[in-house]
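Visitor: Below is the structure I would like to discuss, written out as structure tokens.
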Amino acid sequence: MPSDSLEIRVSLQRLLIALVVIIVPLNFLGLYLSSESNTSLEQVVGTHFRTIAQADATTAVQFVNDRVIDVGAIAMEPAVVDAVVTANQAYERRSAEASAAKIAEIDQQWDAPAGDAVVKAMLASAVSHLLQRRREIDPRFLKIIVADENGVPIAATDKPLHYAPVDTVYWQAVSAHGRGGIYVSEVLYDEESRTDYFRIGFPVYGKESRRFIGAASALIDVSSLFSRLTQAQVGRSARTIVVGEDGTVVSALNVAPSTKLKSEEYAAVRDVLGSLQGRQAGYVIAPMRGGSRIIGFADTGLKQMYPNLAWFVIMSQDAREALASVRTVGHFAILMVVVGLLMVTVLAAYFFLHRKQHLSDIEMSAPEE
């Protein structure tokens, strides 16, 4: 009877050849595609980190500019201008030497009981009450002080540390030889309150003369800004930091500026900035002590307006974590290539042994002469 089933017989040799011819090229193709996917993902992640850094840099610029505008609004308050004009008129009735001696006398008594009356009168003034209400509205103002043309405080939210101006860098910048200028200090850290802050100084100008007659200054809490920048994370190993142009960490999660910690990521970013002219933002993949990291960066550009705020925002993540999904596929492709090479080796061994056995059989079956 004819068979009800079709029986196909394929030799082992042909089966192995077919598998090698089909599978091995596919494995190498998969390895190539995996490598290309890894490169593409690096570009996508790097571009994403650069975008985050640019957005954070814009946030930082907006925060600083808004606070400068706030202090400027205080300096232009009519009550503040009138109080400064009144305080300056008192100097007109005395010589410069007499005025300097009076300032030095009060400064010596500033922290003594003899100076309490001056402090009490200053804090009880209408302008001081205005400043205190301004701080109540916006708690980011830690302290606000208004000073006359000699840097002597005439109104404040709290007792100033000194009566006579001692921060010559600040006063020279904000007075600017009688022209007036805006001053923003570097970020400082108060150990007692655990608060990051900087000082903003804004000139007070005469209503009609438009000449420098005094200054308003404020200590601004920047903790809210740094918290917003450093808290957002995209992975376990991801971090966002703000650094100065010397690589010192200005803000990072659980890092205080007082530690003067140097950023390892910024060293790689600085090399890129040095090699790419005018580049303000980008990304790099750089080796670190804990492994390679993908680093996105952006220059805030604040240095152009405020020299003490040469900030860069850096967003980075461990490359192994960022590229984990593609690298798993890549490892699988490598495994398949290894399996394919083993198959080639087995096939070669099979052919060698089979041919050797075939030659032996021929020799044994050959007729003897």
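Visitor: What is the percent carbon and sulfur in the accessible area of region 87-179, measuring with a 1.4 Å probe over the protein chains and ignoring ligands?
Guide: Taking all protein chains in place, region 87-179 shows 55 percent carbon and sulfur surface.
Visitor: A follow-up question, please. Can you tell me which lysines have their Cα less than 28 Å from the Cα of residue 260? Leave out same-chain residues fewer than eight positions away.
Guide: Answer for residue 260, where 28 Å is the Cα cut-off: 143, 303, listed by chain and number.
Visitor: Can you bin region 197-242 into rounded, prolate or oblate? Criterion: square roots of the alpha carbon gyration tensor eigenvalues sorted a ≥ b ≥ c, rounded for a/c under 1.5, prolate for a/b above b/c, oblate for the rest.
Guide: prolate
Visitor: So how far apart, in nm, are the two label points at residue 65 and residue 92 if each is 7 Å from Cα heading toward Cβ?
Guide: 3.9 nm
Visitor: Here is a follow-up. Can you list residues from other chains, or at least 5 along the same chain, whose modelled amide H is less than 5 Å from the amide H of residue 245?
Guide: It is 310, by chain and number.
Visitor: Right, something else. Give the lysines reachable from residue 102 as a straight Cα distance under 22 Å; neighbours fewer than 8 places away on the same chain don't count.
Guide: Correct list for residue 102: 120, 159.
The values are calculated or read from the model by the stated rules, or taken from the named source; none is laboratory data. Not measured: the values here are computed from a predicted model. Methodologically, a virtual Cβ is constructed for each residue, glycine included, from the backbone with ideal geometry; neighbour enumeration extends over all protein chains shown. Surface accessibility is based on the protein's heavy atoms, side chains included, excluding ligands, DNA and RNA. Shrake-Rupley method; radii C 1.70, N 1.55, O 1.52, S 1.80 Å.
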